[in-house]
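Scroll down for the structure; my scribbles are underneath it.
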Amino acid sequence: MYETIAKANGDVTVNGHAPKMDFETFRNVINNELTSTSKTRHSINPATTEPNAEVPVSTLEDVDNAVAAARKAAKPWSQVPVEERKEKLVAFADAILEYKDEFARLLTQEQGKPLSQATGEVDMGATWLKAFSQMNLPEDIIEEDDEKKVINRYLPLGVCCAIIPWNYPILLACGKIAPALSTGNTLIIKPSPFTPYCDLKLVELGRKIFPPGVLQILSGGDDLGPMLTAHSDIDKISFTGSIVTGKKVMESCAKTLKRLTLELGGNDPAIICEDVDIEKIIPKIALLSFLCASQICMMIKRLYVHEKIYDKFLAALVEETKKFKVGNGLDDGVFVGPVQNSMQYEKVKTYFDDIPKEGWKPAIGGKLPENGKGYFFPPTIIDNPPEDSRIVTEEPFGPILPALKWKDEADVIAKANDTKTGLGASVWSADVERATRMAKQLEAGSVWVNSHFNVAPGVPFGGHKWSGIGTEWGTNGLKAYCNSQSMWIFKT
Ligand code: NAD
């Protein structure tokens, strides 16, 4: 598919492959031009604390230029037949996969996650792009009789902007690019200043596939997000990030009544019933607690274990967690990399500092490495801390997990729901009917029985309460990039 599109665009291919792209220089993409800025900045490799390459620091002028190009491209792009737009998304995915190894290494270098997890993220990004090319948003016929036909149509919003956090820069960018572009919008990506590199290269590749102004990217500092949310010619912001920032984004968007999707933080409970097969589920629970150094919005962040099996379960979880090698994600066998940046390191460190102060009991971990570079923490499980301690009530977004005891079903459900967040939640039991009954009472946008953190491009994803507004992905996600139009056609 990439080759077909490249030929149609008159681009050079090398034996049918994408021409070589370097992974050392990083520029904005405005109107399909690679542009630099007079001021540049860099982020830090979290495993080594060495500086990464320089990236642009966009100004208001860059924002205005990108928005103007996006506006100019919006109408013609919306008129490109939807099947053709989808073909370009597939070609984009194929082009990304040609550089899978380069993207994965770069992702490990900027984000810190181990190479195998980084490779998995590149694959997921491509999967999301391709999956949206299989999804449709047809007009709904609401009513039809001899007199009239009433239909509901979905029209692109126009110019959209995607604000991306630092934990999954590739997947979360692709998860916004696919629905925005397939529904006929143009999109400006704003990566996190901590992880701009893979996103800049993604859009550089996209330049060869999409017409000018359709997919653009601006890298910058802390002032760039507010410039975009305040811009009067952007129609929608799709924001993924923290609750604190999400509220600021909403406040700013209100001034121009922008459409808005907010995908925010969570504090996911997992409820383990007394009848589980401990040996079978422990590897999964450990993985779903410490993957990506626990920097995933829908990780298990509060582990409620039935008191009848608590001791045995905790002992088995500790043994499993001991197997996780901590280190530089480029080294063999590493499962837990560093946390992504110094700000996050200092935040997670406060929970470790509280262990002696609050008298929390670590079942494993708890002590910071004495020397060495990098933002590393040992995977840590806190044994039954008080329900009102901050390790339970807050989202640490780092590898420190509270394990808690429960005995009464109604009580544990009330505790699981006793939070302003509502992103994900799970119940684990051999009795699927019982677990499903319990899971249905959990206040969260995604609920799993005997699993956690499953996501798929066709399944709507979003949070209840302070974990978000609106959903992304699936048909709901396509609609989130559209204006709904009801059309009444009278036949006489
Ligand atoms: P963050 O809120 O600090 O930053 C997210 C993005 O917003 C970055 O690109 C940042 O530069 C930008 N930003 C910062 N201030 C802004 C402002 N005033 N206006 C506009 N943009 C602004 O979040 P983070 O620390 O990068 O990510 C971690 C958080 O994201 C965690 O809470 C995590 O749970 C959440 N998260 C949620 C999801 C989800 O889908 N629900 C997915 C991943 C991460």
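The values are calculated or read from the model by the stated rules, or taken from the named source; none is laboratory data. Everything quoted here is computed from the prediction, not taken from an experiment. Don't worry about glycine lacking a Cβ; one is built from the backbone with ideal geometry, like all the others, and counts go over all protein chains shown. Please note that ligands, DNA and RNA were not included when accessible areas were found on the heavy atoms of the full protein model with its side chains. Shrake-Rupley method; radii C 1.70, N 1.55, O 1.52, S 1.80 Å.
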Q. Quick check: anything in segment 356-367 closer than 23 Å to residue 453 by Cα and at pLDDT 95 or above?
A. no
Q) Which one is nearest to the ligand (Cβ to nearest atom), of the residues in segment 415-434 that are in contact (Cβ under 8 Å) with a residue 24 or more places away in the chain and open to solvent by 10 Å² or more (accessible area, probe 1.4 Å)? A) 421
Q. Restricting the search to segment 222-260, which residues are closer than 29 Å to residue 92 by Cα and more than 9 Å from the ligand (Cβ to nearest atom)?
A. 231, 233, 234, 235, 236, 238, 258, 259, 260
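Conditions (1) assigned to a loop (DSSP other than H, G, I, E, B); (2) outside the structural domain of residue 102 (by TED's automatic domain parsing); (3) without any contact (Cβ under 8 Å) to a residue 12 or more places away in the chain; (4) away from the ligand (no atom under 15 Å from the Cβ), marked per residue:
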| position | (1), (2), (3), (4) |
| --- | --- |
| 194 | yes, no, no, no |
| 211 | yes, no, no, yes |
| 216 | no, no, no, yes |
| 220 | yes, no, no, no |
**Q.** Subset of segment 129-183 (residues that are assigned to a helix (DSSP H, G or I) and among the hydroxyl-bearing types (Ser, Thr, Tyr))
**A.** 182
Q: Considering each of 129, 181 in turn, give the residue that is among the hydrophobic types (A, V, I, L, M, F, W, C), in the same structural domain as residue 235 (by TED's automatic domain parsing) and more than 15 Å from the chain's Cα centre (by Cα).
A: 181
(Q) Against the condition of a type in the set (Gly, Ala, Ser), free of Cβ contacts under 8 Å to residues at least 12 places away in the same chain and within 30 Å of residue 372 (Cα to Cα), how does residue 38 come out, does it pass? (A) no
Q: Could you please give the count of residues in segment 139-171 that are over 23 Å from residue 81 (Cα atoms), in contact (Cβ under 8 Å) with a residue 40 or more places away in the chain and away from the ligand (no atom under 15 Å from the Cβ)?
A: 6
**Q.** Test for residue 263: is it touching a residue at least 40 places away in the same chain (Cβ under 8 Å) and either near the ligand (Cβ under 10 Å from one of its atoms) or within 19 Å of residue 447 (Cα to Cα) (or both)
**A.** yes
(Q) What's the total number of residues in segment 226-237 that are within 21 Å of residue 57 (Cβ to Cβ) and open to solvent by less than 10 Å² (accessible area, probe 1.4 Å)? (A) 4
(Q) Which of the helices (runs of 4 or more DSSP H) found entirely inside segment 53-124 contain at least 1 residues meeting this: within 23 Å of the chain's Cα centre (by Cα)? (A) 82-98, 100-111
(Q) So the check is Cβ under 6 Å with 6+ separation or different chains; which pairs have a first residue in segment 242-255 that's assigned by TED's automatic domain parsing to the domain that holds residue 227 and a second one that's more than 9 Å from the ligand (Cβ to nearest atom)? (A) 243/466; 253/260
Q) Taking segment 172-204 only, how many residues are within 21 Å of residue 85 (Cβ to Cβ) and open to solvent by less than 10 Å² (accessible area, probe 1.4 Å)? A) 19
**Q.** Residue match in segment 451-461 (condition: under 30 Å from residue 150 (Cβ atoms) and surrounded by 15 or more Cβ atoms within 10 Å (Cβ to Cβ))
**A.** yes
Q.
Restricting to segment 104-137, name every residue that is at positive phi and open to solvent by 40 Å² or more (accessible area, probe 1.4 Å).
A. none
Q: Scan (1) open to solvent by 50 Å² or more (accessible area, probe 1.4 Å); (2) in contact with a helix residue (DSSP H, G or I) (Cβ under 9 Å, 6 or more places away or on another chain) for the single condition residue 140 breaks and write down its number.
A: (2)
Q. If a residue has to be outside any strand (DSSP E or B) and either closer than 14 Å to residue 428 by Cα or open to solvent by 50 Å² or more (accessible area, probe 1.4 Å) (or both) to count, how many in segment 252-268 make the cut?
A. 5
Q.
Going through 34, 60 one at a time, which residue ends up being at pLDDT 95 or above and either in contact with a strand residue (DSSP E or B) (Cβ under 6 Å, 6 or more places away or on another chain) or open to solvent by 70 Å² or more (accessible area, probe 1.4 Å) (or both)?
A. 60
Q | residue 47 vs. criteria assigned to a loop (DSSP other than H, G, I, E, B) and surrounded by 15 or more Cβ atoms within 10 Å (Cβ to Cβ) | A | yes
Q: Tell me, yes or no, whether segment 256-274 has at least one residue that is within 29 Å of residue 194 (Cα to Cα) and more than 22 Å from the chain's Cα centre (by Cα).
A: yes
